[in-house]
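Working notes for the structure below.
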Amino acid sequence: MMHPETHEFTENRNEILKEITQLRKTLHRHPELSGKEKETAQRIQGFISTHHDTELITGIGGNGLAAVYRFSDDGPVVVIRCELDALPIMEVNQFEHRSVNPGVSHKCGHDGHMAVLAGVALMLKEKKLKKGKVVLLFQPAEENGEGAHAVLESGVLKNLKPDYFFALHNLPGEKMNTVIVVDHFFSASVQSVCISLKGKQCHASEPENGINPAAALAKIIDALAALNVTDETQKNFALLTPVHLTMGEKAYGISAGSGELHYTLRTWSDAKMEELKTKLSHLVTTVSDAHALEHDISWFDYFPASVNDPECNQLIRNAAAGHGLEVKERPLPFKFGEDFGWYSAKYPSAMFGLGAGVNSPALHHHDYDFPDEIAGTGIEMFCGIIDQLLGEKAELSQKTG
């Protein structure tokens, strides 16, 4: 038998999807980088205000926005989060809604994630839930790993007192509309690092009068490669990827006096990440000292591992089953970074994947575009989770539990 809220969405589905598809394409056309999402947030604020006079909290952690739906003072507070920011990637697509901002585009699908939450907002306008609150959080600066932490630091969540946190991420390469569930960790702990070495520049004909970092850089690269544990089934999985290297300049009469190495580090847990960082720091110090080089290590773009709470994951499975959606159980976390881990460290949380099509271009690829065909599934999933926690079934479960 169809649940009343499910029937309601079925009745209004075409109208809702038409509205949020138009919104999604507008957001795609006007992307903004991490920390600069002012107009994006204003567009979301305008969309929600036009449809429902609900409570809006602005300026969260920068340009963040929250729409708050209060059904009663009792019951759980459910936060559903999406991302506002785009990427510094030049779009090659030539469709009508292509980016108008050169070198900036929504190549991770955050425009689609926002559209899904906008669709949930349209549903919440009509819902007669029995208890609790729903918070739709439009978070800034996910791509650089700073947004979730800034939201926590803002203090807004302390006032809202979340009981549950949920999010989705579209996944190219997976069958469209499939729900992907991962136990334990959804995504890896990711940390970027810059290793700077400083010696002494001199004439290339007299290298003995200088301190060239080339040999030290080579030793560090070799030593870091030895720290890789590429078997993803191992708990001590570690992936150290060199992404950038500079040394000296194209001046053939000069022996270089400085150099830089840039890496990303990935592990399955934050504890393993700390262990890996300690090893890297010790290694760089040892090699630098041996070559009489000054060194500096800068850490940035940190994404904590996103932990999936078992109860939250079961709510995701139940929502998928309630809508007849295919569920794929993924045995291992994803290796990409997700700053949702900041929330999962403090609140019961879970992310799930939503298949974006087997033949879809990959995330962060210059011709990727969020498939509007999966937005309805995202809305169904989040509404299904909300119904379990705040709807009639939740009240009945509480009375008989």
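The values are calculated or read from the model by the stated rules, or taken from the named source; none is laboratory data. Everything numeric in this text was worked out from a predicted model, so none of it was measured. Because the Cβ atoms are built from the backbone with ideal geometry, glycine has one as well, and the counts that use them run over all protein chains shown. When the accessible area is computed, the model is the full protein with side chains, heavy atoms only, and any ligands, DNA or RNA have been set aside. Shrake-Rupley method; radii C 1.70, N 1.55, O 1.52, S 1.80 Å.
Results, tabulated for the structure shown:
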| read-out | value |
| --- | --- |
| Failed condition for Thr246, given (1) of a type outside the set (Gly, Ala, Ser); (2) over 30 Å from the mean Cα position of the chain (by Cα); (3) surrounded by fewer than 20 Cβ atoms within 10 Å (Cβ to Cβ) | (2) |
| Candidates Ala148, Ala218, Ala238, Ala204, filtered to the one that is at pLDDT 95 or above and under 21 Å from Ile60 (Cα atoms) | Ala148 |
| Scope region 139-157; condition out of contact with any Gly (no Cβ under 6 Å at 6 or more places or on another chain) and open to solvent by 10 Å² or more (accessible area, probe 1.4 Å); matching residues | Glu143, Asn144, Glu146, His149, Leu152, Glu153, Gly155, Val156 |
| Filtered residue count, region 38-58, keeping only those that are touching a residue at least 60 places away in the same chain (Cβ under 8 Å) and not hydrophobic (A, V, I, L, M, F, W, C) | 4 |
| Residues located in region 318-331, provided they are in a strand (DSSP E or B) and either aliphatic (A, V, I, L, M) or under 19 Å from Asn144 (Cβ atoms) (or both) | Val327 |
| Identity of the residue in region 343-370, surrounded by 24 or more Cβ atoms within 10 Å (Cβ to Cβ) and among the hydrophobic types (A, V, I, L, M, F, W, C), that ends up nearest to Asp163 (Cα to Cα) | Ala350 |
| Failed item in (1) touching a residue at least 60 places away in the same chain (Cβ under 8 Å); (2) in contact with a strand residue (DSSP E or B) (Cβ under 6 Å, 6 or more places away or on another chain); (3) more than 18 Å from Glu146 (Cα to Cα), with Ala66 passing the rest | (3) |
| Residue among Leu160, Leu136, Leu117, Leu129 that is open to solvent by 10 Å² or more (accessible area, probe 1.4 Å), in contact (Cβ under 8 Å) with a residue 24 or more places away in the chain and in contact with a Leu (Cβ under 6 Å, 6 or more places away or on another chain) | Leu129 |
| Residues of region 281-321 satisfying the condition of being polar (S, T, N, Q) and touching a Gly at 6+ places or on another chain (Cβ under 9 Å) | Ser306, Asn318 |
| The lone exception for Ile254 - which of (1) in contact with a strand residue (DSSP E or B) (Cβ under 8 Å, 6 or more places away or on another chain); (2) crowded, with 17+ Cβ neighbours inside 10 Å; (3) touching a residue at least 40 places away in the same chain (Cβ under 8 Å); (4) not charged (D, E, K, R) it fails | (2) |
| Criterion violated by His365 - all others in (1) part of a loop (DSSP other than H, G, I, E, B); (2) farther than 24 Å from Glu142 by Cα satisfied | (2) |
| Candidate set: region 54-112, residues that are assigned to a loop (DSSP other than H, G, I, E, B) and within 28 Å of Lys130 (Cα to Cα); chosen: the one most open to solvent (accessible area, probe 1.4 Å) | Asp73 |
